[in-house]
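Worksheet: the structure to be examined is printed underneath.
Every read-out reported here was derived from the displayed coordinates using simple, explicitly stated rules and does not represent laboratory data. Only a predicted model underlies this, so the values are computations on that prediction, with no experimental measurement involved. For neighbour counting, all protein chains shown are included, and Cβ atoms are generated from backbone atoms with ideal geometry for every residue, glycine included.
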Amino acid sequence: MTSDTVAIPWGSDKRRVSGYVLDSQRIALRVFLPGTDGAGRLRRWQSLASEEVVGTTWWRDLVESRDDVPASEAIDPATGTIDGATATALSNSLRDLVGDVDVRVARWRGYVGDATPASGPPDGEHAVTTEPLAAVFTPARPLPSFVWIPEAWLSVGAPLYADSVFVSGPEESLAAIARNPELESAALLADQPLPLPGLE
C-alpha cells in the first residue's frame, strides 16, 4: 500500500541525529552496523577500538587509530546497507516490543535499482509505504531512511550511506534494544551532530 499524503514525522535538521528520529525526541540509541574486512568477515566497532565505543564515535576515528594495520587489511564501513545478522537482531528486538505489525517506511527514491513504488509525500524525495516489520531490514536492499510505528511511538532512521541507524522511542524500549547482545549500540543526545563522513 502506498500513499501520496503521509508526512514523515522526523526532525528537519539532517546534519544532526535529530533529523533521523521522531520529531521532538531528545535521546536516541545508535545501533552500529559492522564493517567488513578484506576477507568479507564482519567486524564490530568495539573490536577495532582502543577505548569504549560511545554514541558519538566516528568510524574515521576508529580506522585512523589503527596505524599498525596494512592497507591490505583495511576494514570498510557499512555504507547504507545492513548485514543479515544485524538485520535479524534489530528486527527481532523491534518485534519483541511491538509484535508482527505493519510499519510505515520511507525510502529514498534515488537508489538505483530499488523497486519501491514511485509514490510518496509531497517533497518527492521519499516513497512512503506500509510494510510488515519482519521484512523491512534486509541485506538485499538499501536501508530505509525512516521506519516508524506510530502506535508504539518508536522509529528507526538511517542517513544515506549510513554506518549506523538511530532508534528513538520510549526509554524502556531503547533500554530493551540496548540489552540485545547481538546489537552493538550506545545512547546519545538527538541534538548531536550526525557522526558520519562528510559532515564534519
Using unit Cβ charges (K, R positive; D, E negative) and no other charged atoms, how large, in debye to the nearest 20, is the dipole of segment 17-189 about its Cα centre? 280 debye
When you count, for each residue, the other Cβ atoms within 10 Å and take the mean per peptide, how do 135-143, 26-34, 176-184 rank with the highest first? 26-34, 135-143, 176-184
Modelled label-to-label distance, Thr79 and Gln192, 7 Å Cα→beta-carbon offset: nm? 2.4 nm
How far apart, in nanometres, would the label points at Ser12 and Arg26 be if each is projected 7 angstrom from Cα along the Cα-to-Cβ direction? 2.1 nm
Tell me the relative contact order for segment 17-189 as a rounded percent, counting alpha carbon contacts under 8 Å between residues six or more apart. 35 percent
Segment 17-63 - charge dipole about Cα centre, Lys and Arg +1 at Cβ, Asp and Glu -1, debye rounded to 20: 120 debye
